[in-house]
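Here is the structure we will look at.
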Amino acid sequence: MNTIIYQQCKSLIDPEIPSISSISNLMALVYHELPHLNWVGLYLVQQNKATCTLGPFQGKVACMTIPIGKGVVGTYAQQQKMIVVDDVHSFVGHIACDSASQSEIVVPIYNGNTLFAILDVDSDIKDRFATEEISFFQFLADQISSLISKENQSIYLKTEVVNP
């Protein structure tokens, strides 16, 4: 994997605008620059509703909600860890939002110590995700986490100034 995509990701992060804008562009970049991806996006974790709700993404129409503990996204939201599934059809309980998906990687994204979202990436071929790409997706999750944390801190600081 070339290092240019790392630089492109960093260039799309602008802490001066709402994070949703940067995240949307990051999803578009990854979807269009890496071959054999048929879906890239976030599922936002709502612990109070025990669900993962669709966030910014690129690809075909997706499942709007995934229960925590169900499918690849929900299972690993519950376990709060990354997983690479080389063949989604061998994953018991796989939720087929797109029947073309053959392999998948999910990476947790944290806001501080709280699980904020799941980065979900699907491919139309089996065994798609090599070690270097796994590292890239962890980097991407870390960038999003940093962006979310900074946005929350700035919102908190602005609230404190306005409402002492």
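Values in this text are rule-based calculations from the coordinates and carry no lab data. Computed from a predicted model, the values in this text were never measured in an experiment. Methodologically, a virtual Cβ is constructed for each residue, glycine included, from the backbone with ideal geometry; neighbour enumeration extends over all protein chains shown.
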Of K10/K126; K10/K49; K60/K126; K49/K81, those spanning more than 26 Å from alpha-carbon to alpha-carbon
K10/K126; K10/K49
Sorted by Cβ neighbour density within 10 Å, fewest at the top, the residues Y76, Y43, Y31
Y31, Y76, Y43
Can you compute the modelled spin-label distance between S11 and I83, with each label point 7 Å from Cα toward Cβ, in nm?
3.7
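When Lys and Arg each count +1 and Asp and Glu each count -1, what net charge do the other residues less than 14 Å away from Y31, Cβ to Cβ, add up to?
With Lys, Arg at +1 and Asp, Glu at -1, the neighbours total -4.
Ranked from highest to lowest mean number of other Cβ atoms within 10 Å per residue, what is the order of the peptides 137-145, 46-54?
On the way: 137-145: 19.0, 46-54: 15.1.
The densest-packed peptide leads the list: 137-145, 46-54.
Hey, what number do you get for the chain at 222 nm if only DSSP H runs of n ≥ 4 count, each worth -39500 (n - 2.57), divided across all residues, to the nearest 500? Please report the intermediate quantities before stating the final value.
On the way: 4 runs with 65 residues, N = 164.
For the chain, the value works out to -13000 deg cm²/dmol.
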Rounded, prolate or oblate (a/c below 1.5 giving rounded, otherwise prolate when a/b exceeds b/c) for the chain by Cα gyration tensor:
oblate
